[in-house]
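Quick note: the coordinates plus some simple rules give every number you see, no bench work behind them. Owing to the predicted nature of the structure, the values given are computational and were not obtained by experimental measurement. Glycine also receives a Cβ, built like all others from the backbone with ideal geometry; neighbour counts cover every protein chain displayed.
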C-alpha cells in the first residue's frame, strides 16, 4: 500500500516521496483467519481535526512527526520546493518535516476536511 511521505532534505527544504507499507500474513486477531499486517509504528496520541472550506495556512514545520489520515474533504499540501499533492478521503501522509522550511496546506472544495492525526513517539 503506497502512502505519501513528507520529509526534510539535507538542504532544509521539504519534499515528498511515495513509500510503501509491506504486509505479512499474521494471526492478528485469533480466532479470525490470518490477515495482512504491517509492522507496528509506535504512537503517542490520536486526535481529530476539522478544517472548514477555504482554510489555509502559511508554511510551517510539522509540530511533531505524525501521520494524517483523510476521512473526508480534500486538501492540497505543498512542500517548500513548491511541489504539491492532493490528499483525498482514504489518503494518508506521513509528516516528518519537523525541521527546515516545512510545508503549507489548504482545504480545497466546498466540504470541510476531517483528519485523524496519529502523533508518533
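Highest GNM mean-square fluctuation among 30, 53, 39, for the chain modelled with Cα contacts below 10 Å: 30. Inter-label distance, residue 117 to residue 9: 2.7 nm, where each label sits 7 Å from its Cα along the C-beta direction. Each of 92, 35 was scored by other Cβ atoms within 10 Å of its Cβ. Arranged with the fewest first, they read 35, 92.
When you restrict to C-alpha pairs under 8 Å that are six or more residues apart and normalise by the size of the chain, the relative contact order lands at 36 percent. Counting neighbouring Cβ atoms within 10 Å and putting the fewest first, the residues 58, 97 line up as 58, 97. As a calculated quantity, the FRET efficiency between residue 106 and residue 38 at R0 = 41 Å, using C-beta atoms, amounts to about 0.90. Put the Cα centre of the range 1-27 next to the Cα centre of the range 49-108 and the gap is 14 Å.
Here the residues 60, 103, 94, ranked from fewest to most Cβ neighbours within 10 Å of their Cβ, fall in the order 60, 94, 103. Of the residues 11, 27, 83, the one that moves most in a GNM of the chain with alpha-carbon contacts below 10 Å is 27.
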